[in-house]
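Structure record follows, encoded as structure tokens.
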Amino acid sequence: MTAFSYDLLSTDGTARRGRLHTAWGVVETPVFMPVGTAATVKGMMPESVKSTGASIILANTYHLMLRPGAERVGRLGGVRKMMGWDGPLLTDSGGFQVMSLGPLRKLDEDGVTFKSHLDGSKHRLTPERSTEIQHLLDATITMAFDECTPFPAEKTVAADSMRLSMRWAKRSRDAFVPREGYGQFGIVQGSVFADLRAESVAALGDIGFEGYAIGGLAVGEGQEAMFEALEFTTPLMQTDKPRYLMGVGKPSDLVGGVARGVDMFDCVLPTRSGRTGQGFTRRGPINIKNARHAEDNRPIDEACSCPACSRFSRAYLHHLFKADEVQGLMLLSWHNIQYYQDLMADMRAAIEAGTFAQFEKNFHAMQSLGDIDPLDP
């Protein structure tokens with residue numbers, strides 16, 4: 001069995017190229033993790049996800065504890081076995097989803113009591129229970145249970161929230177069952193306040209985790225504020241452990257995050273957008289439902305190798321969406337995941353070559369061009 005470890009292979013400025021070793025395979029970083037909320041990446045088979053170059057996926061503790069239930073997933077061998085995914089799996093702690101329930105939840109020092117959004121049944125999540133659930137799910141990477149501080153928040157509120165999360169992080173660590181090739185990440189909180197982020201980084205370092213996440217961003221503060229928070233947070237973080245920016249994001253967020261020292265990302269955006277007709281390309285996003293694509297025989301992105309681009313035209317995908325055919329959202333979701341994986345691979349190559357600054361400049365230049373002219377041959 002492989003030990004859980006991280007190798008920092010090279011840097012280019014603050015961008016990092018690394019390799020994460022786990023019990024279920026190697027993860028080349030920087031990496032984007034497709035989100036499989038309910039033990040499935042929506043609209044895709046596991047082998048389709050794997051074909052894009054994805055090496056690790058994410059599943060959701062909150063949703064799986066409600067349906068089909070953590071103990072049932074455990075009896076079925078865990079998320080990986082149940083869904084047929086043969087690579088590493090990261091599970092979030094459930095904290096973000098519970099905090100987003102608003103009036104359906106009640107927070108105290110010990111944990112959170114909440115009502116299910118499915119049937120109104122009452123549930124309890126504590127650091128210990130969240131960690132136990134993630135063990136039952138057979139998460140390769142378990143996340144500490146935290147309170148995701150809302151934005152905007154007064155500094156005193158953000159400080160109290162962060163310190164509660166640090167107390168919960170210690171309890172999560174104490175509840176974690178070590179296994180060869182498995183790890184647990186602590187989550188840095190502190191909103192947009194540099195001193196609170198520094199305090200959080202130090203507290204998590206004292207506890208000791210296999211990796212560290214940056215939480216409480218991409219919650220409405222905007223890209224500029226998010227990047228600023230990364231600029232004062234990542235330099236404080238350990239260089240020999242992976243850094244994970246939770247719930248991010250758009251392609252430009254990924255490029256900016258890598259430029260600021262982040263190694264791991266996840267977001268529902270590629271598949272959620274794919275289901276609504278938005279496709280990501282090297283020249284920016286498109287809406288395949290727009291009439292301009294109705295007779296366009298070209299692929300979504302001529303540089304893409306996914307089935308949507310190598311076998312089908314924009315015109316066909318446009319038709320599928322207009323006809324409300326499921327294949328359309330499946331193909332566009334596949335394309336978007338492929339685009340994200342290609343973007344990460346290109347960034348890894350640029351960091352290795354020492355050309356990341358030029359890559360970043362070229363990326364923004366291409367995105368600003370906008371979609372190809374429908375009248376071009």
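The values are calculated or read from the model by the stated rules, or taken from the named source; none is laboratory data. Keep in mind the model is a prediction, meaning the values are calculated, not measured. Every residue, glycine as well, gets a Cβ built from its backbone with ideal geometry; the counts of neighbours run over all protein chains shown.
Data for the structure
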| item | result |
| --- | --- |
| Residue in region 129-152 that is loosely packed, with under 15 Cβ neighbours inside 10 Å and either under 30 Å from Pro242 (Cα atoms) or at pLDDT 95 or above (or both) present | yes |
| Set Ala159, Ala169: member being surrounded by fewer than 24 Cβ atoms within 10 Å (Cβ to Cβ) and either basic (Lys, Arg) or in the same structural domain as Asp263 (by TED's automatic domain parsing) (or both) | Ala159 |
| Residue in region 262-276 that is under 22 Å from the mean Cα position of the chain (by Cα), surrounded by 23 or more Cβ atoms within 10 Å (Cβ to Cβ) and farther than 23 Å from Ser48 by Cα present | yes |
| Residue that is farthest from the chain's Cα centre (by Cα), among those in region 193-207 that are surrounded by 16 or more Cβ atoms within 10 Å (Cβ to Cβ) and of a type in the set (D, E, K, R) | Glu199 |
| Flag if Ser305 is touching a Lys or Arg at 6+ places or on another chain (Cβ under 9 Å), of a type in the set (Ser, Thr, Tyr) and not assigned by TED's automatic domain parsing to the domain that holds Gly257 | no |
| Meets criteria (out of contact with any strand residue (DSSP E or B) (no Cβ under 9 Å at 6 or more places or on another chain), surrounded by fewer than 24 Cβ atoms within 10 Å (Cβ to Cβ) and farther than 19 Å from Pro68 by Cβ) for Arg105 | no |
| Unique residue being within 26 Å of Arg17 (Cβ to Cβ) and either small (Gly, Ala, Ser) or not assigned by TED's automatic domain parsing to the domain that holds Ile56 (or both) when the list is Ile337, Ile300 | Ile337 |
| Matching residues, region 49-61, being among the β-branched types (Val, Ile, Thr) and either free of Cβ contacts under 8 Å to residues at least 60 places away in the same chain or over 21 Å from Leu245 (Cβ atoms) (or both) | Ile57 |
| Strands (runs of 3 or more DSSP E) within region 1-78 that include 2 or more residues over 22 Å from Lys250 (Cα atoms) and in contact with a strand residue (DSSP E or B) (Cβ under 8 Å, 6 or more places away or on another chain) | 5-12, 15-22 |
| Inter-residue pairs, beta-carbon under 6 Å, first assigned by TED's automatic domain parsing to the domain that holds Gly190 and more than 20 Å from Leu204 (Cα to Cα) and in region 145-156, second buried (at least 23 other Cβ atoms within 10 Å of the Cβ) and among the polar types (S, T, N, Q), 6+ apart | Ala153/Ser191 |
| Residue in region 38-48 that is of a type outside the set (Gly, Ala, Ser), closer than 13 Å to Met264 by Cα, surrounded by fewer than 24 Cβ atoms within 10 Å (Cβ to Cβ) and touching a residue at least 12 places away in the same chain (Cβ under 8 Å) present | no |
| 1 or more residues farther than 18 Å from Val35 by Cα and without any contact (Cβ under 8 Å) to a residue 40 or more places away in the chain: qualifying strands (runs of 3 or more DSSP E) within region 207-315 | 211-214 |
